[in-house]
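To start, the structure itself, in C-alpha cells.
Nothing in this text is a laboratory measurement; each read-out follows from the coordinates by a stated rule. All values reported here derive from a predicted model rather than from experimental measurement. A quick note on method: Cβ atoms are made from the backbone with ideal geometry, for glycine too, and the neighbour counts reach across all protein chains shown.
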Amino acid sequence: MAVLGTAGAFGGLVGGIAGPKLIAKIGDGTTLSVALLSFPILFLLGSVVTRWYIFYILVFLEMFTAVIWNIVTVSFRQTIIPSQLLGRVNSGYRFFGWGSMPLGSLAGGVITTISAHYISREYSLRLPFVVAGVIGLGVFLATRGRFTSERLESAKSHT
C-alpha cells in the first residue's frame with residue numbers, strides 16, 4: 001500500500017506543477033468537465049486491472065486530476081465568495097467533502113461484505129470501484145454542460 005501511496009503523492013505533485021498551465025490552456029470549465037468525467041473512468045478502469053503497475057498509473061492520474069480540480073474550484077470559490085464569508089464557506093465545503101469520505105468507505109465495505117456472499121472475493125473487492133464509477137458517470141451526465149468557462153466567468157463578473 002505504501003508503494004501505491006507514492007503514486008498519489010507523485011500525481012498530486014505533478015498536478016500542482018503542471019495544473020496551472022494546463023488550466024490556462026484549456027480553460028476552467030473544460031478542466032472541470034474533463035476531471036468530472038475522468039474520476040469515474042479511472043474508478044471503472046481500476047475495477048478491472050490485474051497488474052499493480054497499471055493500478056499505480058491510475059492512482060497517479062486520479063490524484064493528478066484531483067489536484068487540478070482543486071486548483072480550479074478553490075480559486076473560483078476564493079473569487080466569488082466575499083472575504084468575510086470565505087472561512088465559513090470553506091469550512092462547510094471541507095465538512096461535506098472530507099466528512100463524506102468515511103461514508104464512502106463504509107459504503108464500500110458494506111458493498112464488499114454483502115456481495116461476498118454471492119460472488120467471489122476477488123469480484124466483491126472490485127465491486128465498490130464499479131459502483132463508484134457508475135455513480136460518478138451519473139453525476140457527470142447530470143451536470144454535463146453546467147461547467148463551462150463562460151458560466152464560470154459570468155459568475156465571477158457578478159461578484
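Structure above, values below:
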quantity: Failed criterion for residue 126 (all others in (1) loosely packed, with under 14 Cβ neighbours inside 10 Å; (2) more than 17 Å from the chain's Cα centre (by Cα); (3) not aromatic (Phe, Trp, Tyr) hold); calculated: (1)
quantity: Restricting the stretch 129-159 to residues that are outside any helix (DSSP H, G or I) and under 19 Å from the mean Cα position of the chain (by Cα), the residue that is surrounded by the most Cβ atoms within 10 Å (Cβ to Cβ); calculated: 147
quantity: Boolean, residue 55 is more than 23 Å from residue 151 (Cβ to Cβ), among the aromatic types (Phe, Trp, Tyr), crowded, with 17+ Cβ neighbours inside 10 Å and within 18 Å of the chain's Cα centre (by Cα); calculated: no
quantity: Close pairs (6 angstrom Cβ cut-off, 6 or more residues apart or separate chains): more than 13 Å from residue 64 (Cα to Cα) in the stretch 1-24, part of a helix (DSSP H, G or I) anywhere; calculated: 4/59
quantity: Any hit, the stretch 83-103, residues being farther than 27 Å from residue 14 by Cβ, surrounded by 13 or more Cβ atoms within 10 Å (Cβ to Cβ) and either in contact (Cβ under 8 Å) with a residue 40 or more places away in the chain or under 18 Å from the mean Cα position of the chain (by Cα) (or both); calculated: no
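One line per residue, one yes/no per condition, for (1) within 19 Å of residue 93 (Cβ to Cβ); (2) part of a helix (DSSP H, G or I); (3) without any contact (Cβ under 8 Å) to a residue 24 or more places away in the chain; (4) aliphatic (A, V, I, L, M):
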site	(1), (2), (3), (4)
50	no, no, yes, no
57	no, yes, no, yes
60	no, yes, no, no
66	yes, yes, no, yes
69	yes, yes, no, no
